[in-house]
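Data block below; observations after.
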């Protein structure tokens, strides 16, 4: 119900937000002949007076009963709205008459009015942003390069011997080395055709020669998808060096191939046009059917020909706790194994890339590894290149918030010095700040630069992200607890379990005679193991006992267990686990199985033996 309510709210908030909800409230008040600011006592008194007059049972003539019934229903509807503070505020503050048709969940009604105002306003802002993005996807990038080499200059004779004056002098020499803006506007013409307009203005300054160079670029791209496999693009850049780029991409079942042809328009009109225009071809192909392994080849012709090859191997890792089994102590009840709170680093993906590039003096070997932590929305990356100019290394990461904002930091060390690159992204706008820290190969400086953003993220995670993550989980659990008792899914689950009760009893009696598998207690709930999260678990003892056959219980994996009879999801946003306490061969056992994993009990350690623990 919670998800359906959310979708219903989202579907009409934008449509009726800017209409006239106050007029809607006035119309309800007008039915009772009261002002919109009428008190609760005035509403009740007026409702009683009008109900006596227009009640259908009070009418003695048949011709007036129809009109009286219609008027009486209008009076009842007006009273229901005006006597409910929540509906009254919803109409007056936000969405008018249509707000009454929404299935407002108990979580919405239990919130303070100010929180309802804030939450609905946030929904409206999100919908407004989505509407603007649908009309024209605007993206902007501002790049501001800073020369900060004076901060780490090791010339002691050039600066003041006093610490504070030396620091001020170093800061005074900071300068903006380059500045640029890039703005793109995307417009969807049809389902298969898209138009992109891009402007790029950059300014670079040379402190030694005291020169400033400014460049401006304007381009327009039209992209058309002829079929699910074939896509063509055409990009025209009319300023300075007019050029036309023609690109075609063809997708196959195991890869793709794309070719880009660059036509310099001024040379096409020359007396001796070039015989072969610059061409760039990129081929991607899956190299294995058993594991994700991809190869990429790039070939470029023209004034700066190049050839490169890369092999990319992504993988998935899951370090979450495995299902556990615990035996009953001889002197007490079974107690479930207490799992530590799930680590945010336990689930994610990694990738590795190896290759080489032949590109004149830039010929090099290259390698790259990266990891993406799903829970933290954090991507870490390390890359190294070995070429004719020496060894170049890069390390950094990008963190993405739930709203889509991004914060990134990368440190590069090479023959050209030490560079720090900061990136910020918010609502389609990106700010890039490349900072030049040193002009020479300086390992200690690069290591210290890596430590600064790493320490900042660690502190931010521990003091900001982690508390917010805990509070968000608590909020979801509290909201689920309020909704689960009154939900349709809970009532359906109870009805299904009532129908399965006789079957489960027959299975339990049969298992008792053979000293087999008896489900003593089973709950399906949130993966966290604190008391607050356990309180919203679903009792599934009867459905599981009904599934027992020949002293065995087997449930296939790879899907949620909510599809089983008698199950439902008590808290959709959080991961679930199935906890089973059962008796087999006269001994008590306990197992925890994460949602999506297969269930096969009794476990190996439950069979009569000297083994005290078992595991899938």
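In this structure, does residue 545 turn out to be more than 25 Å from residue 477 (Cβ to Cβ) and at pLDDT 90 or above?
It is true that residue 545 is more than 25 Å from residue 477 (Cβ to Cβ) and at pLDDT 90 or above.
Look through 387, 414, 408 and report the one residue that is in contact with a helix residue (DSSP H, G or I) (Cβ under 8 Å, 6 or more places away or on another chain) and within 27 Å of residue 178 (Cβ to Cβ).
Going through 387, 414, 408 in turn, just one is in contact with a helix residue (DSSP H, G or I) (Cβ under 8 Å, 6 or more places away or on another chain) and within 27 Å of residue 178 (Cβ to Cβ): 387.
Just to be sure before I move on: is residue 432 within 31 Å of the chain's Cα centre (by Cα), assigned to a helix (DSSP H, G or I) and in contact (Cβ under 8 Å) with a residue 40 or more places away in the chain in the structure I sent?
It is false that residue 432 is within 31 Å of the chain's Cα centre (by Cα), assigned to a helix (DSSP H, G or I) and in contact (Cβ under 8 Å) with a residue 40 or more places away in the chain.
Can you tell me which residue is nearest to the chain's Cα centre (by Cα) among those in the range 437-457 that are farther than 10 Å from residue 411 by Cβ and crowded, with 16+ Cβ neighbours inside 10 Å?
Applying the filter and picking the extreme gives 457.
Taking the range 261-296 as the search range and keeping residues that are surrounded by 12 or more Cβ atoms within 10 Å (Cβ to Cβ), within 29 Å of the chain's Cα centre (by Cα) and not in a strand (DSSP E or B), which one is modelled with the lowest pLDDT?
Among those residues, the one meeting the criterion is 292.
Looking at (1) buried (at least 18 other Cβ atoms within 10 Å of the Cβ); (2) touching a helix residue (DSSP H, G or I) at 6+ places or on another chain (Cβ under 8 Å), which one does residue 474 not meet, given that it meets all the others?
Going through the list (1) buried (at least 18 other Cβ atoms within 10 Å of the Cβ); (2) touching a helix residue (DSSP H, G or I) at 6+ places or on another chain (Cβ under 8 Å), residue 474 breaks only (1).
Out of 396, 404, report the one residue that is outside the structural domain of residue 520 (by TED's automatic domain parsing), over 30 Å from residue 590 (Cα atoms) and part of a strand (DSSP E or B).
396
Could you look through the range 187-201, keep only residues that are assigned to a strand (DSSP E or B) and modelled with pLDDT under 90, and pick out the one that is farthest from residue 438 (Cα to Cα)?
Checking each candidate, the answer is 188.
Check off (1) surrounded by 13 or more Cβ atoms within 10 Å (Cβ to Cβ); (2) not assigned by TED's automatic domain parsing to the domain that holds residue 566 for residue 496 and give me the number that stays unchecked.
Evaluating residue 496 over (1) surrounded by 13 or more Cβ atoms within 10 Å (Cβ to Cβ); (2) not assigned by TED's automatic domain parsing to the domain that holds residue 566 leaves (2) as the failure.
State whether one or more residues within the range 499-512 are surrounded by 14 or more Cβ atoms within 10 Å (Cβ to Cβ) and within 30 Å of residue 375 (Cβ to Cβ).
No, every residue in the range 499-512 fails to be surrounded by 14 or more Cβ atoms within 10 Å (Cβ to Cβ) and within 30 Å of residue 375 (Cβ to Cβ).
The values are calculated or read from the model by the stated rules, or taken from the named source; none is laboratory data. What you see is a predicted model; the values in this text were computed from it and never measured. Neighbour counts run over all protein chains shown; Cβ positions are idealised from the backbone, glycine included.
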